[in-house]
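Everything below concerns the one structure shown next.
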Amino acid sequence: MLKADSRDPAAWPRLLLTLLAIALLWPGVQLSELDLGVLLPDSQNEMGRFVAQFWPPAHDEAFLQLLFKATLQTLAIATAGMALALVLAIPAGLIASRALSLSAASRGGLPSRLGRLLRWPIRGLLIFLRSVPEIVWALLFVRAVGLGPAAGVLAIAITYSGMLGKVYAEIFESTDQRPAHALLQAGSGRLAAFAYGTLPNVAGELLSYTVYRWECAIRASVVMGFVGAGGLGQQIDLSIRMFAGGEVASILLCFLILVLAADQLSRLLRWRLT
């Protein structure tokens, strides 16, 4: 009776891939100048003194009012930026998608050629929009429109339109196209075929990703505050410059609450759609 070979046939390929990943990761660690020695006991006293500056969090009435206003401004920046991004991302995603572009929705002729001509320029535009970080756009718009939340709104709108449009196109392409094609063959228009044949199948995924990006926009708006785009980030920058650790702790706690609220909102919306 032959003895079964219990060795994993994929063990050597996995080992080689692991060694290759380590070989590629090591130069990156060296270039990033990562030094884990800062976490050793010799530096803990300095870290302890630094952390102690954040306790207790600031809770005086004047600062809490200022914090509440900055929080509302951060939410406004993220929401307005996402709204403007959707205005560009939705039509761009439809055109950039092979499944739902004009060329796929038609049977040849001028609409088909027009769809192929539009798809690649739109995809190139989406690549350009998302390739430049929002903090860079914020720096440019601060110089163009001045300090304040308007620069943050425009920066988020430009960067996130590229991100949303790209992912929307991929979601449209990955879903089952047979309902939409059946409606088209029955004489339905393109928008009706999309609204009744495709959108119901991808609504949950689209909404989940959009809410996630809105959460990312909240974090981005905080970061852009350091370059003068308003909101919680600008307040953190001011508190750090004044060595007010308690104020920084209160702002970070407020930011944590915002992220938790966005996560619960995403769960609620997904639950309502399922």
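The values are calculated or read from the model by the stated rules, or taken from the named source; none is laboratory data. Source: prediction; values computed, not measured. For accessibility, only protein heavy atoms count, side chains too; no ligands or nucleic acids. Shrake-Rupley method; radii C 1.70, N 1.55, O 1.52, S 1.80 Å.
From the largest down, region 61-273 spans 66, 39, 19 angstrom on the principal axes of its Cα atoms. Ranking 255, 63 from most to least accessible surface, computed with a 1.4 Å probe over the protein chains only, gives 255, 63.
Rounded to the nearest whole Hz, the Karplus-based 3J(HN,Hα) values (6.51 cos²θ - 1.76 cosθ + 1.60, θ = phi - 60°) of region 60-73 follow the sequence 6, 4, 5, 5, 5, 5, 5, 5, 5, 5, 5, 5, 4, 5, with x at glycine and proline. Along region 206-218 the Karplus relation, 6.51 cos²θ - 1.76 cosθ + 1.60 evaluated at θ = phi - 60°, assigns HN-Hα couplings of 4, 5, 4, 5, 5, 5, 4, 5, 5, 4, 5, 5, 4 Hz to successive residues, with x for each Gly and Pro.
Quick check: the distance between the Cα centres of region 126-153 and region 61-98, to the nearest angstrom? Going from one Cα centre to the other spans 13 Å.
Across region 168-178, rounded Karplus estimates of 3J(HN,Hα) from the backbone phi angles (6.51 cos²θ - 1.76 cosθ + 1.60, θ = phi - 60°) give 4, 4, 5, 5, 4, 6, 7, 7, 5, 8, 4 Hz, Gly and Pro being marked x.
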